[in-house]
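To keep things clear, I will list the structure first and then write my remarks on it.
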Amino acid sequence: MADELDRKVLPEFLQTTFAVSLGAAYKSVEMMMKPQESFPKMFSGVKSLFEIPEDTPSTLRGKAEAIAGNVMGTGATLVQECQTAGKKFTDPE
């Protein structure tokens with residue numbers, strides 16, 4: 001049972017990992033080609049990680065959870081964008 005599951009899951013996992021890596025490399029090269037546009041975008045993205053919503057409790061734990069939520073959401077979005085960019089190169093059309 002475990003071998004059968006591994007044979008199905010592992011190729012999909014490797015293909016997804018390759019697409020994310022390829023997409024990240026593509027986005028990095030794209031950002032290096034246009035530094036005037038990419039620097040402000042990166043700066044505002046990093047700044048948004050530490051913005052705390054108004055309804056957040058004023059305790060240290062509440063603020064830490066809000067920042068962690070921002071980081072997790074931004075990270076998930078970034079991985080999805082990299083995967084989408086990488087699939088342009090890996091999916092046969």
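Since every read-out is calculated from the coordinates, none of them should be taken as a lab result. No experiment lies behind these values; they were computed from the predicted model shown. All Cβ positions, glycine included, derive from the backbone under ideal geometry; neighbour counts span all protein chains shown.
Quick grid of which residues meet (1) within 13 Å of the chain's Cα centre (by Cα); (2) surrounded by 13 or more Cβ atoms within 10 Å (Cβ to Cβ); (3) among the acidic types (Asp, Glu); (4) farther than 15 Å from GLU81 by Cβ:
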residue	(1), (2), (3), (4)
GLN15	no, yes, no, yes
SER28	yes, no, no, no
MET31	no, yes, no, no
PRO35	no, no, no, yes
SER38	no, yes, no, no
ILE52	no, yes, no, yes
LEU60	no, no, no, yes
GLU65	no, yes, yes, yes
ASN70	yes, yes, no, yes
**Asked** Looking at (1) part of a helix (DSSP H, G or I); (2) out of contact with any Gly (no Cβ under 7 Å at 6 or more places or on another chain), which is the one condition that is false for ILE52?
**Response** (1)
